[in-house]
Amino acid sequence: MDARGIKRAELARALSIPYHRLNPWFVRPAARPNAEDLDALAKYFGVPIGHLINGDPIPEASARDWILQVYDRLPPQKRENLEAFVRFLADEQRSRDTEQGPEQPGQATHPDR
């Protein structure tokens, strides 16, 4: 969470969960969220509840949804950083594809190119 720039207090506010109820999940190993809080967490992060409880893999469509949800919550400067990184990845992939031969149908190209 901290790596994503989300602080516990911000998460508590976003989920409408009192901080004193949320904080123990991170500091006491025996503390666990209730079912209602788990549901709110899963919706906030755009993941299935099973991912939060068992570490179940996130289905590909959910991963895309999660990326879009994170993007929507980013401040403008971080959005620009993310967009620049995606352009970098697209350019890198395009270079690999060029080395391997002609473009295949369905390959993504950046709208500015």
**Fill in**
Being outside the structural domain of L68 (by TED's automatic domain parsing), at pLDDT 90 or above, surrounded by 12 or more Cβ atoms within 10 Å (Cβ to Cβ) and touching a helix residue (DSSP H, G or I) at 6+ places or on another chain (Cβ under 9 Å) narrows I17, I6 down to just I17
**Prompt:** Applying the selection to segment 27-43, what residues are within 16 Å of D65 (Cβ to Cβ) and surrounded by 15 or more Cβ atoms within 10 Å (Cβ to Cβ)?
**Reply:** L41, A42
**Prompt:** surrounded by 12 or more Cβ atoms within 10 Å (Cβ to Cβ), β-branched (V, I, T) and not assigned by TED's automatic domain parsing to the domain that holds R79, is that true of I67?
**Reply:** no
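Across segment 1-48, what is the total count of residues that are part of a helix (DSSP H, G or I) and touching a residue at least 12 places away in the same chain (Cβ under 8 Å)?
The initial filter retains those residues of segment 1-48 that are part of a helix (DSSP H, G or I), namely 2-4, 8-15, 19-22, 24-27, 35-45.
Filter once more, so that each one left must be touching a residue at least 12 places away in the same chain (Cβ under 8 Å): 4, 8, 11, 14-15, 21-22, 26, 37-38, 40-41, 44-45.
Number of matching residues: 14.
Is it the case that I58 is crowded, with 16+ Cβ neighbours inside 10 Å, part of a loop (DSSP other than H, G, I, E, B), among the hydrophobic types (A, V, I, L, M, F, W, C) and modelled with pLDDT under 85? Write out each step before concluding.
Values: crowded, with 16+ Cβ neighbours inside 10 Å: yes; part of a loop (DSSP other than H, G, I, E, B): yes; among the hydrophobic types (A, V, I, L, M, F, W, C): yes; modelled with pLDDT under 85: yes.
So I58 fits the description; yes.
The values are calculated or read from the model by the stated rules, or taken from the named source; none is laboratory data. None of these values were measured; they are calculated from a predicted model. All Cβ positions, glycine included, derive from the backbone under ideal geometry; neighbour counts span all protein chains shown.
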